[in-house]
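The values are calculated or read from the model by the stated rules, or taken from the named source; none is laboratory data. Since the model is a prediction, treat every value here as computed from it, not as a measurement. Glycine gets a Cβ as well: all are built from the backbone with ideal geometry, and neighbour counts include every protein chain shown.
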Amino acid sequence: MAEQSFQLYDTTLRDGAQQEGMVLTVEDKLAVARELDTLGVGFIEGGWPGAVPRDTEFFRRARTELDLKHAVLAAFGATRRPGVPAPVDPQVRALLAAETPVITLVAKSHTGHVRDALRTTLAENLSMIGGTVRHLVHAGRRVFVDAEHYFDGYQLNREYALAVVRTAAEAGAETVVLCDTNGGSLPDEVAAVVAETRALTGVQLGIHCHNDTGCAVANTMAAIDAGAVQAQGTAHGYGERCGNADLFTVIANLVLKRGREVVPLERLAGLAATGRAIAELTELPSSAAAPYIGESAFTHKAGLHASALRVDPDLYQHTRPELVGNAMRTLVSDMGGRSSIELKARELGYDVEAGSDEVARAATRVKELESNGYSFESADASFELLLREELTGAPRTRPFEVESWSVSVFGGSGAGGPHDEAVRTEATVRLSVLGRSITATGHGNGPVNALDTALHAALDPCFPALARLQLVDYRVRVLSGETGSSAAARVLISYQDGNRRWGTVGVDANTTAASWHALLDAVHYVLLDDPARPALAVGATEPLEPFRP
Ligand SMILES: CC(=O)SCCNC(=O)CCNC(=O)[C@H](O)C(C)(C)COP(=O)(O)OP(=O)(O)OC[C@H]1O[C@@H](n2cnc3c(N)ncnc32)[C@H](O)[C@@H]1OP(=O)(O)O
Ligand SMILES: CC(=O)C(=O)O
């Protein structure tokens, strides 16, 4: 049964948008709000109407375009200006004009900030808070008050900080949210201040933490344990400076560690998908190491871990990945043994046993190859080719043979420089498909691009499956000094193949040859299980017999 009373308050669209590098259009903001609603947060703070024109527009469009099923919208803004009555303060009027059920006011609770930043008296600040809250409540809004710099203010002048909380609540604020605005607090301090404030005021409290000590989530959890009933945070912990508390982590912690079903379990299982969707919209890379939903959150590299995980996944995982929509992954590397190979093989759909000779041989080969410069961690396709060789006990079967390949780079006008358009690269490949010789040439902005184009030109007519193969990333690492071998370069190539992304690796003394090996692995990988073997070879008048490995 979902816990109704606890308030999950998302501020991705306001405080999260204060993150360096985040620029959201109104369209993006509407889409993020829909994702958060689907996840099941209770409140979505859409921005500061009247201050940020885009946010004013967001609230205008939200009225007709956002059909929220679960969440309610909150507009954020400041208390009235000193000396200006709330009803005529333009910012306060803009808050009402946003027509949201909830308005969240930021209010100063630190005496130094009142004097130096607001440049007014302590009494006037309290009057600004009380007057603005009363005005908004009178207008029919639910009001939350974010007590800015509360924890620092509490240390400096406890009575004044408490007076801010009491003033806001007496004026009608439903929840007073204690903010660690500078993010400098630690969990024990937060827990103590929340508990004391609660005991001394009896007011319903929330928590809003920044991550400047790396403790935003821990501080939020400590505050909740101490009695806070509203948790504010952002998707992926987006926010100013070091960010805010990551609301995704807070949600998963509450449900899975505290047994508080703040979102139903079926929505929690959509957490990773929500995270991916929001990262797409913000165009900010999400951290692979993000708790619960990061790509690496349940990914295992060490052999000893893999050995235990084979027996029971709980031995090296704090929770079950599927509960948050994530999945366990195994990485193959020289840090693994037979168990890592077995787990990876099973992940790839092969039924193998750790004790088998094939797995032992594959483990030995991975260690040997990695000591010569290979890296299979992000070259899962190259690993699968190696595994197949061991499982079938035969060298790799090849749907085509390479007769020769060459690359030429033609110098430019002499002006040189990276953008000298006259520099051209041409690659020629000569291949044999079922005994027929095919020659093709490709041009590109460099050797890899030209070789890739030439390979496609030669093979796509024979193997239609190759047409969907798209090279998306290329990385070269100079290995001199890293290994004892003569290999000089390791090339890792990533491909997009329909919805899948995978990689290959090539190692050679020559960088272009290393690239060629990685390119060939990709082609062989796509053709591993392609039922449409060469349909019509170039120059053939009759369809060729299906290829049999
Ligand atoms: C902790 C937080 O993250 S709170 C949210 C912060 N978010 C933002 O600031 C984003 C939106 N802000 C803005 O667009 C602009 O700063 C505006 C429109 C609010 C104000 O712009 P301007 O009028 O040009 O003022 P400016 O930005 O220079 O300074 C802010 C003013 O707000 C006042 N102010 C600061 N905090 C508060 C508060 N809690 N209550 C009322 N007024 C406040 C300051 O004293 C200053 O007043 P002044 O103009 O009399 O010096
Ligand atoms: C209100 C807010 O964002 C803060 O104090 O950090």
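Values computed for the structure shown
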item	result
Only one of 79, 25 that is at pLDDT 95 or above, hydroxyl-bearing (Ser, Thr, Tyr), in the same structural domain as residue 147 (by TED's automatic domain parsing) and out of contact with any Ser or Thr (no Cβ under 8 Å at 6 or more places or on another chain)	25
All positions within region 313-339 that are in contact (Cβ under 8 Å) with a residue 40 or more places away in the chain and assigned to a helix (DSSP H, G or I)	322, 323, 324
Considering residues of region 173-204 that are touching a Gly at 6+ places or on another chain (Cβ under 9 Å) and small (Gly, Ala, Ser) only, the residue nearest to residue 229 (Cα to Cα)	195
Residue within region 209-227 that is crowded, with 24+ Cβ neighbours inside 10 Å, closer than 16 Å to residue 5 by Cα and within 16 Å of ligand 1 (Cβ to nearest atom) present	no
Matching residues, region 342-384, being assigned to a helix (DSSP H, G or I) and within 27 Å of the chain's Cα centre (by Cα)	343, 344, 345, 346, 347, 380, 381, 382, 383, 384
Tally of residues being small (Gly, Ala, Ser) and either within 25 Å of residue 375 (Cβ to Cβ) or outside the structural domain of residue 430 (by TED's automatic domain parsing) (or both) across region 451-484	3
Test: residue in region 163-185 that is in a helix (DSSP H, G or I) and among the acidic types (Asp, Glu)	yes
Count of residues meeting criterion [more than 15 Å from residue 218 (Cβ to Cβ) and touching a Ser or Thr at 6+ places or on another chain (Cβ under 7 Å)] in region 151-168	9
Of all residues in region 333-386 being within 18 Å of residue 495 (Cβ to Cβ) and among the hydrophobic types (A, V, I, L, M, F, W, C), the one that is surrounded by the fewest Cβ atoms within 10 Å (Cβ to Cβ)	348
Any hit, region 56-65, residues being at pLDDT 95 or above and either within 16 Å of ligand 2 (Cβ to nearest atom) or assigned to a loop (DSSP other than H, G, I, E, B) (or both)	no
Extreme residue, farthest from ligand 1 (Cβ to nearest atom), among residues of region 11-32 that are among the β-branched types (Val, Ile, Thr) and touching a residue at least 60 places away in the same chain (Cβ under 8 Å)	32
